[in-house]
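The values are calculated or read from the model by the stated rules, or taken from the named source; none is laboratory data. Quick caveat: nothing in here was measured; it's all calculated off a predicted structure. Note that each Cβ is placed from the backbone with ideal geometry, even for glycine, and that neighbours are counted across all protein chains shown.
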Amino acid sequence: MYHAVADAPTGPFRRAGPLVALGNAWKDGQIGATDRVGNTHGGMFRNEGTWYQIYHRQTANGRQACGTALTRRSNGAFEQADYASVGLDPRPLDAFERWPAYIACYLMGPRGLPTRGKRPILVLREHPGGTDDHDSGRLTLQVLSGTWAGAIAGFKYLDFGATPADSIEFGVEVDARDSGSIDIRLDDPAGPAIATVQVSQDAVGRGWSRLTASMPGITGVHALYLAFHPDEGEIGDVSFFGFTRDRQGAA
């Protein structure tokens, strides 16, 4: 979604760059997108002095509404907004809440660009935590699917607070189709795993199960990445995730 600015409604207009780009394409020198691309059909509004951009992203079952706050430059143009999971409120998400996997803002396959080969996608599934679909009468929810070997899903940003707990637990809700593991990484999608969730054969075919892994307490604001390693095929669908403190630390 590009914009232009002028000193008068009749112009002349000057190009001012993207307001937001799916997968952060072209932001800060990034080449290519880290999510599925397509049209965005955006609009803008201003509330209490802050401008916001409304747009949509592409999913396997249609379009998902999105929004982001904008930062205005002194010349009247806007900085390119970060394509993130936080939505209209620019503050990072509380890491110790339960979050839907459909807020993933980084969806990359093993071959890199998300338009090539097998890659993670958002799809509509029947789910007890979903909303009523008036056509089918079922409860449905957008979930993360396409968790093939090498697939990575990212979420920006999560706030773990200023004081660490002795340890924390990561939980992820999975409808497993194959055994394997899910690595948890912070800030760098190619970085080392700080913990690993094991998906046992017992979880396969049982429907939605909450799987966990313990990890040392951490602090601050971080991007979260989940890297999938199925033994065969794909791990399955992911609906929700979040962290819990083994011992409460001060915020």
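Would you check which residues across the range 193-210 are outside any strand (DSSP E or B) and surrounded by 15 or more Cβ atoms within 10 Å (Cβ to Cβ) and list them?
193, 194, 203, 204 - these are the residues of the range 193-210 that are outside any strand (DSSP E or B) and surrounded by 15 or more Cβ atoms within 10 Å (Cβ to Cβ).
Test each condition in (1) under 22 Å from residue 226 (Cβ atoms); (2) of a type outside the set (Asp, Glu); (3) not in a loop (DSSP other than H, G, I, E, B) for residue 83 and report the one that comes out false.
(3)
So, in the range 88-103, how many residues would count as being without any contact (Cβ under 8 Å) to a residue 40 or more places away in the chain and surrounded by 15 or more Cβ atoms within 10 Å (Cβ to Cβ)?
Qualifying residue count, the range 88-103: 1.
For the range 172-192, what are the residues that are touching a Lys or Arg at 6+ places or on another chain (Cβ under 6 Å) and either in a helix (DSSP H, G or I) or more than 13 Å from residue 241 (Cα to Cα) (or both)?
The answer is 191, and nothing else.
Tally up the residues in the range 21-40 that are out of contact with any Leu (no Cβ under 9 Å at 6 or more places or on another chain) and closer than 18 Å to residue 103 by Cβ, please.
Looking only at that region, the number is 3.
Results for (1) outside any strand (DSSP E or B); (2) within 23 Å of residue 178 (Cβ to Cβ), shown as yes or no for each residue.
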| position | (1), (2) |
| --- | --- |
| 212 | no, yes |
| 226 | no, yes |
| 229 | no, yes |
| 232 | yes, yes |
| 244 | no, no |
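Pairs, please: C-beta under 8 Å, at least 6 apart or cross-chain, first residue closer than 28 Å to residue 161 by Cβ and in the range 203-222, second among the polar types (S, T, N, Q) and modelled with pLDDT of 95 or more?
Filtered contacts from the range 203-222: 211/198; 213/196; 213/198.
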